[in-house]
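Undergrad: Structure provided below as structure tokens; questions to follow.
Since every read-out is calculated from the coordinates, none of them should be taken as a lab result. None of these values were measured; they are calculated from a predicted model. Cβ coordinates were reconstructed from backbone atoms using ideal geometry, including for glycine residues, and neighbour counts include every protein chain displayed.
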């Protein structure tokens, strides 16, 4: 039963993101993708470790985060994340944000601030995030990151509840040569 549930969960997360990332990749290589420009990049990210500031018995520290983000050359970004929330519920977070490079670091370090809408805190855990009256709540996530070439690692803070360490990679958008 566990193997079946694990495979279901894997497909529940990966299939929509695989379709989404394939669409983004095709758009990135297509000449008709006018909304993409040189310097933009797609960023794919997953969680490595989570810590809760006030751990509870019902807290889940394995978020299984899968995040796809479009980072514009202008430093604006937008993304979609799916993960298990602190209580093991499937959760989605659509967001926009901005990236600030730390001065004098040759783009090695950066701060990121994103805000958007989160869905997935239900039942007895509905009130664990503020303003979740309709099942969708606003959320903001600040993070600090480091990058080396195309590999990134970030520490993201989720409110006063905890922090998550992530790793990811980017795929730069290159100009089409015609």
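Undergrad: Could you compute the FRET efficiency for residue 34 and residue 61, with r as their C-beta to C-beta distance and R0 at 41 Å, rounded to 0.05?
TA: Details: r = 43 Å, r/R0 = 1.04.
Efficiency, from the Cβ-Cβ distance: 0.45.
Undergrad: While we're here: Expressed in nm², what is the orientationally averaged projection area of the convex hull enclosing the Cα positions of region 90-163? Working shown, then result.
TA: Details: hull surface 22.9 nm².
Answer in nm², one decimal: 5.7.
Undergrad: Report, in whole Å, the centroid distance computed from the Cα atoms of region 50-86 and region 91-118.
TA: 12
Undergrad: Another question, then. Please report, in cubic angstrom per residue, the volume enclosed by the convex hull of the alpha-carbon atoms of region 69-125.
TA: Values: hull volume 5.0 nm³, N = 57.
Given the Cα convex hull of region 69-125, per-residue volume reads 88 Å³.
Undergrad: Now, a different point. So for 126, 149, 84, fewest C-beta neighbours within 10 Å to most, what's the order?
TA: Result, fewest neighbours first: 149, 126, 84.
Undergrad: I would also like to ask the following. Let a ≥ b ≥ c be the square roots of the eigenvalues of the Cα gyration tensor of region 41-178; is it rounded (a/c under 1.5), or, if not, prolate (a/b larger than b/c) or oblate? Walk me through the intermediate numbers first.
TA: Details: a/c = 2.14, a/b = 1.74, b/c = 1.23.
It is prolate, given that a/c is not under 1.5 and a/b is the larger ratio.
Undergrad: Restricting to Cα pairs below 8 Å that are 6+ residues apart, what does the relative contact order work out to for region 85-178? Please round to a whole percent. Spell out each step's value before the answer.
TA: Working: 165 pairs, mean separation 18.5, N = 94.
Answer for region 85-178 is 20 percent.
Undergrad: Express in nm, to one decimal, how much length is gained between residue 122 and residue 74 on full extension, taking 0.36 nm for each residue of separation and deducting their alpha carbon distance.
TA: Details: separation 48, 0.36 × 48 = 17.28 nm, distance 3.63 nm.
Answer, rounded to one decimal: 13.6 nm.
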